[in-house]
Structures are given as structure tokens and as C-alpha cells.
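Okay, so here's the structure we're looking at.
The values are calculated or read from the model by the stated rules, or taken from the named source; none is laboratory data. This one's a predicted model, so the numbers in the text were calculated from it and none came from an experiment. Neighbour counts are summed over all protein chains in view; Cβ atoms, including those assigned to glycine, are modelled from backbone coordinates with ideal geometry. Quick note on the areas: whole protein, heavy atoms, side chains included, nothing else; ligands and nucleic acids left out. Shrake-Rupley method; radii C 1.70, N 1.55, O 1.52, S 1.80 Å.
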Amino acid sequence: MFHWKISEVYGKLMNKIRKEGIIMNYLLVSPNFPTSQESFARKLVEKGVKVLGIGSESYDNLTDGLKNSLTEYYKVNDLENYEEVLRGVAFLIYKHGVIDRVESNNEHWLMLDSIIREQFNITGVKPKKLDFTKYKSKMKERFIKAKVPVAKGRAVKNIRELEKAIKDIKLPVIAKPNNGVGANNTFKLISKEDVEDFKNQWDQEVVYFIESYIDNGVLCTYDGLIDSKGEVVFETSFYYTKPTLDLLNDSLDYGNIISREIDPKLKEYGRNIVKEFGMKERFFHIEFFKLPNNDYIALEYNNRIAGGYTVDLYNHTYECDLFEMYADVVVGNSPKKVKNNYNGVALSRRDKYTYKYTNEDIYNRYSKELRLIDRVPEVFATAMGEWMYILVDENMENISEMMTYIHEKNE
């Protein structure tokens, strides 16, 4: 496959050298995106870690803060070109010594991260173990092993298998790529006409996962950070005020809400899943549906931190610094304990609507509760909206009032 795969003997030798006091080398893949990478880099450097970067962005276009955190940046023409990337990693190892950790914090590059780890015998998730965090059919197998409820579903490769699955599962169903991110290319099939439309659009080159449509379910999460022993050292949960698919299709406002208390049943399910997946030294983001009977159905395991402004929501709600907590996990320290004094909410606004109250109105009314007003980067705006607001309060009723106020529109 690749010609410079490092042997286990070499890896053990370098581990011995590392224990004798050599500084830890940490490689950030695509260090300029997402922008939170800069915060990870800065906190790692503060813990005494040497941070290297590899990406396709020009060095001149990196922020000054990121430049100051990176000991060296290696530019490639295309991160999709694995041969080119691995040559770059080999050069960085030649110049700086063995690399101890590799991370992108980006769903798109998780496979690249794992290939780099495998080729250079670096601690962390390898490609084979990544499979059951990529494919929804394999996730479901793990959920079942963890004794967590799931919706009925199966992967289909062609029209014949699709028809058989729908006959067995029964309409309505959700059809989503078996290997896909978020709600992209996802279809809600309620009627026979919907099924025929989907057949006409599906080229059968992408394997789809067909799953029972859950009506009246509230989309929620169990998220957190795992240490080097596989123990959860930070945990939280938020729920969506609108389903992700509806947000994309209808360009809606939404809110992500963190309650001060995590439902014990959700926490139990989440911890069982974390144990079954067996990950270490990384974030996780697990999606569930909460049912009207207060039980849960596991949907997806994401082997990364939640995207967008979610890390900001965590930090403000818990008055913590997850970037520093992660850096502590990497270097073997125990992260600081977090407080749960507040409920938190991240709210969106879209330029397509005319709202009753201005940003200045919001600031004046909620100056004590408001933690962030920010213009959303264009790359996220289609899904999230153009404006983001984060607020915290001890009282959940006040959170509801904030949502109503910020989302109120002119007639």
C-alpha cells in the first residue's frame, strides 16, 4: 500500500525514547478548519506539547494565533491525496521525531487521521476500528450489543433490497446514506409516491440505510470526552428544538438546549455505548430520539466533538474550557471538574426573516445571561443560520422566554 509504514519494533523503540523525556509531538490535520482547531493548538502548547500542522491552506492565510501555536506547518496541494499527505507526515517525523497523536476534529478527515496513525504506528483509532463509527448499519450492531434500544433498519444496495426492506420495516421510513454525515442526502419516505421519487433519484452507487421513521421523537444527544483509560471525564446532553432534516429542508430557526440535569436513563445508555465502542482520548457525540414514553432510541455515534458552536455552548453553560480539558487528557493530567449551575441555549437567526428585536435589543434585555452573539461563517450558514446567540440561566422557564423573544418576527 504505502512504502514507509513504520514497524512495531520502531514504534516500541520510539515509545521508550519518549518516556525518557522527549517532548510530545501532536499533528493537527487541517489546523485552520474548523476554527476551533486554533484553540486546541493553543492549549496543547500551554501544556508543553509541540504542535505540528498539515493542510492545503496557504501558510500566509493562517491566523497569527495559529501560526504562533504551530512549530511547523507542512502545506500539501490536496488533503484528499493520501500519498502526498503521508510524504508530508514522513518529512515532519524526519525533522521533529516521532508523532505521538494525530487529530483533525473534523468528520471529513477522520479516515485520513486513522490512515496516518496506521502507517506511522501512532496511538489512536485505526481504519478498521473506524468502520463501526462510519457506517450506520455497523453502529446499530454496536448499539444492540450495548443493550440500547434502536429503530428497525437495514442497509440496502439496490432497488430490490430497498423494496424488500420497506416491505419488512413498513412505511414511513427514513432513507440516509449508510456512510454519511448529518442529514445530507436524507429522505423521508411516507407514501408510495415518495418511494418512487427516491428510486428515481437514487443511482444505487451509494449504499443507503433504511430505518423506521420515529414520529413525535425529540432529537437529543449524549456528548462528552473520554480519557486515556476509556473513562468519561466530561458528559453533557442537549436537545434540538427542530429536527435536523427539517432545518435543512425548511431553513428554520432553531435552538440547542442544555438542561442542568442529564436524564439518568440517557446517561446509562450513553455510557453503555461509550464502553461498547471502546474509544479513548477523544470526544464523542451520540444522537438519540427521546420517545413520548420517556425511553430513548439510539441513532448515531459520532467519533468527534459536536460541530458548529456546540463547544462554545458547553464552555459557557458549564463555565469550563473543553480545549484545556482535552489537552489535559492528551498529556495524562486529570481534567478539572465541571459545574452544572446553568441551563444553556444556542439560538439561530436567519437573514431571510425580519425579526422584531435587534441584536442591540437582545443585548440590553439579556446582558447578564448573554454569552455570545456571532455572525456565522458562510460555510455553516445554510444549515445553521447567519446569526448565533448563546445564553445561560438557572431557570429553564427563562430559557424558553429567551427563545420566544429572540425568534419573534414582525408580522
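Consider V150 against the criteria (1) hydrophobic (A, V, I, L, M, F, W, C); (2) in contact with a Phe, Trp or Tyr (Cβ under 8 Å, 6 or more places away or on another chain); (3) more than 15 Å from Y296 (Cβ to Cβ): it satisfies all of them except one. Which criterion is unmet? Going through the list (1) hydrophobic (A, V, I, L, M, F, W, C); (2) in contact with a Phe, Trp or Tyr (Cβ under 8 Å, 6 or more places away or on another chain); (3) more than 15 Å from Y296 (Cβ to Cβ), V150 breaks only (3).
A quick yes/no check of all residues on (1) over 14 Å from the mean Cα position of the chain (by Cα); (2) aromatic (F, W, Y); (3) closer than 21 Å to V392 by Cα:
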| position | (1), (2), (3) |
| --- | --- |
| L252 | yes, no, no |
| I257 | yes, no, yes |
| K265 | yes, no, no |
| G270 | yes, no, no |
| F283 | no, yes, no |
| F289 | yes, yes, no |
| P292 | yes, no, no |
| Y301 | no, yes, no |
| A306 | no, no, yes |
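When the helices (runs of 4 or more DSSP H) confined to segment 247-354 are screened for residues that are on the phi > 0 side of the Ramachandran plot, none reaches at least 2 such residues. Taking the listed residues F120, F132, F143, F91, the one that is aromatic (F, W, Y) and under 15 Å from R282 (Cβ atoms) is F132, with no other qualifying. Scanning segment 165-195 for residues being more than 20 Å from K134 (Cα to Cα), free of Cβ contacts under 8 Å to residues at least 40 places away in the same chain and open to solvent by 90 Å² or more (accessible area, probe 1.4 Å) gives a total of 4. Of all residue pairs spaced 6 or more apart or on separate chains, those with beta-carbon atoms under 8 Å, a first member in segment 232-244 that is more than 14 Å from V311 (Cα to Cα) and at pLDDT 95 or above and a second member that is open to solvent by less than 40 Å² (accessible area, probe 1.4 Å) and not in a strand (DSSP E or B) are V232/V274; V233/D227; V233/M325; V233/V329; V233/P335. Could you tell me whether P149 is of a type outside the set (A, V, I, L, M, F, W, C) and closer than 29 Å to N105 by Cβ? No. Would you be able to say whether some residue in segment 310-329 is over 19 Å from I257 (Cβ atoms), among the β-branched types (V, I, T), modelled with pLDDT of 95 or more and open to solvent by 60 Å² or more (accessible area, probe 1.4 Å)? No, there is no match, as no residue in segment 310-329 is over 19 Å from I257 (Cβ atoms), among the β-branched types (V, I, T), modelled with pLDDT of 95 or more and open to solvent by 60 Å² or more (accessible area, probe 1.4 Å). Of the residues making up segment 127-161, those that are under 17 Å from K176 (Cα atoms), surrounded by fewer than 13 Cβ atoms within 10 Å (Cβ to Cβ) and modelled with pLDDT under 95 number 0. Out of segment 161-217, which residues are part of a loop (DSSP other than H, G, I, E, B) and charged (D, E, K, R)? Passing the criteria: K170, D203, E205, D215. Of all residues in segment 357-371, those satisfying the criterion of being open to solvent by less than 60 Å² (accessible area, probe 1.4 Å), under 17 Å from G344 (Cβ atoms) and either polar (S, T, N, Q) or not in a loop (DSSP other than H, G, I, E, B) (or both) are I362, L370.
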